[in-house]
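Colleague: This is the structure I have questions about; it appears just below.
The values are calculated or read from the model by the stated rules, or taken from the named source; none is laboratory data. These figures come from a predicted structure and were not determined experimentally. In this analysis, Cβ positions are derived from the backbone assuming ideal geometry, glycine residues included, and neighbour counts consider all displayed protein chains. The protein model used for the area step is the full one, side chains on, heavy atoms only, and it has no ligands, DNA or RNA in it. Shrake-Rupley method; radii C 1.70, N 1.55, O 1.52, S 1.80 Å.
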Amino acid sequence: MRKLAVGLCLCLAASAAQAGGKDNFFSFKTKVVQGQLQMHGHYGKNWSAEEVRTSLGRDCAGAGKTLVALQLGDVHRRKGQSFIAVCG
């Protein structure tokens, strides 16, 4: 499961990099905590929170789980909007 989630993360990061533009990025790191898949990451101005939620929901489904929570954090000048998502 961990390899699948990391693979999904790398695919998303690669597709965002190919799309170009400093505001068109979406990347995250995954880890498993007490059986839940947690994703910590950032996204640029060209992404909406709903687009991020939809994409993370697909990633969770690919790992056989559902998106339980998405919490938005601070907006960083260079890193963009931060978030933490949980799949359970």
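Colleague: Can you confirm whether the stretch 40-54 contains a residue that is of a type in the set (D, E, K, R), modelled with pLDDT under 95 and open to solvent by less than 80 Å² (accessible area, probe 1.4 Å)?
Modeller: No, the conditions are met nowhere in the stretch 40-54.
Colleague: Moving on. Note down all Cβ pairs under 6 Å where the first residue falls in the stretch 50-71 and is touching a residue at least 60 places away in the same chain (Cβ under 8 Å), the second is in a strand (DSSP E or B) and crowded, with 16+ Cβ neighbours inside 10 Å, and they're at least six residues apart or on different chains.
Modeller: Partner pairs satisfying both residue conditions: Ala63/Leu37.
Colleague: Would you call Gly21 modelled with pLDDT of 90 or more and not charged (D, E, K, R)?
Modeller: The answer is no for Gly21.
Colleague: So in the stretch 55-88, with the set limited to residues that are at pLDDT below 95 and among the basic types (Lys, Arg), which one is surrounded by the most Cβ atoms within 10 Å (Cβ to Cβ)?
Modeller: Of everything passing the filter in the stretch 55-88, Lys65 is surrounded by the most Cβ atoms within 10 Å (Cβ to Cβ).
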